[in-house]
Amino acid sequence: MREIYLDNSATTYVREEVLKHMLPYFKDNYGNPSSIYKIGLSNQKCINVCRQQIAKLYHCASAKEIYFTSCGTESNNWALKAVCLQNKSGHVIISSIEHSSIIESSYFLKQLGFDVTYLSVNKNGLINLQELERSIRKDTILVSVMYVNNEVGVIEPIKKIADICKKYNVLLHTDAVQAAPHLKINVQELGIDMMSISGHKVYAPKGVGLLYVKKNTPMIPLIHGGHQENQMRGGTENIASIVGLTKGLELCNEELKINTVKFERLRTRLIRGLTERNYDFIEIGKDNDNKLDSIINICFKNINSKTLAILLGEEEIYVSTGSACNSGSVVPSHVLQALKIPDSYINGAIRVSLGKDTSEQEIDLFIDTLSNIFKNKLSFIQE
């Protein structure tokens with residue numbers, strides 16, 4: 001049996017079409033884009049073309065609104081810290097289920113004297129728009145709410161959030177790392193001011209991402225020491241990865257419709273298979289229409305999910321116990337805690353995240369293997 005990879009929200013492989021476009025920039029097209037001679041200038045032109053292609057993909061007003069970074073985490077840090085450090089004081093609002101790069105950036109900002117409000121969520125992971133509006137103060141400078149949650153797949157109402165922010169003249173940032181592979185994004189229709197995206201979620205390499213910054217949004221550099229990225233981010237550009245990110249985003253966008261239908265079918269097959277075996281579990285967000293079918297968070301009662309994931313891994317079936325950033329922790333996920341998952345279920349959470357290559361046969365094998373573990377190794381995985 002070949003390995004069954006069901007952790008695409010943690011990372012994806014670099015697909016062949018992406019790698020093909022990247023290869024020339026590892027050896028043949030090696031010039032520094034900051035150089036004034038031919039092999040440097042050609043690579044600067046390549047970066048500019050990538051910037052234009054991504055700007056077109058997301059309906060940006062200008063290619064200058066796209067800044068290349070090393071990852072989604074850097075983009076998130078840059079968005080929050082740049083706005084706050086430029087204002088020097090003020091109030092920030094984020095949801096309680098943000099990625100750790102947002103949560104921990106907020107802790108850093110609190111140490112600097114900024115006030116931070118953490119919005120609660122309902123059982124499906126959606127923020128309360130009335131609570132958001134009530135939380136906005138005269139000194140509120142930024143709201144950051146992720147577009148799609150990385151652990152449970154909930155899709156937040158970003159356009160409605162943007163309308164509220166605009167009403168009170170507050171900047172809005174969204175972490176769209178998990179949205180980019182699965183949703184069509186139009187930054188102007190959404191009304192957002194900043195948006196973070198990462199390459200390794202869209203079948204592009206690790207170590208590259210981007211930050212969209214709407215024109216006239218006040219920003220300062222996070223990384224100093226060079227004139228790159230329109231004077232806003234020092235450091236020689238990662239040309240091959242920028243090319244890969246661009247191609248990965250384009251391909252994901254082209255395949256949105258076919259993959260959306262596929263993921264709905266696979267999720268239904270998975271949940272039906274587990275239900276037929278009478279397992280005691282909770283599917284997070286099952287009653288929520290605003291949710292990706294590709295991210296399936298299942299909480300088994302009185303089960304140790306870390307042990308279960310290890311046993312599945314021994315059978316070459318790979319799932320996560322939550323976010324990859326938190327998978328080594330024994331503390332229950334802050335996302336599931338915010339959703340108020342009962343104590344008897346919260347430690348039994350595994351995340352199955354589907355990819356473009358996931359098949360019905362793989363879902364069936366996952367269910368069968370899970371059944372064998374529950375049957376033969378129950379004592380090992382019980383809490």
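Every read-out reported here was derived from the displayed coordinates using simple, explicitly stated rules and does not represent laboratory data. These numbers come from a predicted model, not from an experiment. Note that each Cβ is placed from the backbone with ideal geometry, even for glycine, and that neighbours are counted across all protein chains shown.
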- Note on the structure: By the C-alpha gyration tensor axes a ≥ b ≥ c (rounded if a/c is under 1.5, else prolate when a/b exceeds b/c, else oblate), the shape of segment 200-250 is oblate
- Item | Using alpha-carbon coordinates, inclination of helix 256-276 to the longest axis of the chain, degrees | 20 degrees
- Going through segment 1-60, which GluC sites (Glu not before Pro) have at most 14 other Cβ atoms within 10 Å and a DSSP loop state? E3
- Identify the trypsin sites (Lys or Arg not before Pro) of segment 1-54 meeting these criteria: DSSP loop state and at most 13 other C-beta atoms within 10 Å of the C-beta. R2, K27
- Message: Rounded, prolate or oblate, given the Cα gyration tensor of the chain, with a/c below 1.5 counting as rounded?
- Response: oblate
- Gained length - D364 relative to K166, 0.36 nm times residue gap less alpha-carbon distance: 66.6 nm
- Residues in segment 222-260, backbone N under 17 Å from the label point at S34 (7 Å along the Cα-to-beta-carbon vector): list them, ranges by number please. 222-240
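Within a Cβ distance under 13 Å of H334, other residues only, what is the Lys/Arg minus Asp/Glu net charge? List each step's numbers first, then the result.
Details: positive: K340; negative: E98, E104, E151.
With Lys, Arg at +1 and Asp, Glu at -1, the neighbours total -2.
Which net charge results when you count Lys and Arg as +1 and Asp and Glu as -1 among the other residues whose beta-carbon is under 10 Å from that of V145?
Numbers: positive: none; negative: E98, E156, D175.
That works out to -3.
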- Item | Distance in nm between pseudo-label sites at T236 and K301 (7 Å out along the Cβ direction from Cα) | 6.0 nm
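Relative contact order of the chain, please, whole-number percent, based on alpha carbon pairs below 8 angstrom and at least 6 residues apart. Let's see the in-between values first.
Values: 715 pairs, mean separation 86.0, N = 383.
Normalised by residue count, the contact order of the chain is 22 percent.
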- Note on the structure: Taking a crude spin-label model, label points 7 Å out from Cα along the C-beta direction, the E254 to K123 distance in nm is 4.3 nm
- Item | Restricting segment 1-70 to chymotrypsin sites (Phe, Trp or Tyr not before Pro) in coil, as DSSP defines it, with at most 16 other Cβ within 10 Å | Y13, F26, Y30, Y37
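If the limit is 26 Å between Cα atoms, which of K138/K215; K64/K138; K64/K201 go over it?
Values: K138/K215 23 Å; K64/K138 30 Å; K64/K201 23 Å.
Those over the limit are K64/K138.
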- Query: With axes computed from alpha carbons, what is the tilt in degrees of helix 305-314 against the longest principal axis of the chain, rounded to the nearest 10 within 0 to 90?
  - Reply: 90 degrees
- Item | With Cα atoms, 0 to 90° folded angle of helix 239-254 axis to the chain main axis | 60 degrees
- Message: Let's test the formula: R0 of 35 Å, r as the Cβ-Cβ distance of V331 and H227. What FRET efficiency results, to the nearest 0.05?
- Response: 0.25
- Query: Over the Cα atoms of segment 221-268, what Rg and Dmax result, in angstrom?
  - Reply: 17.6, 51
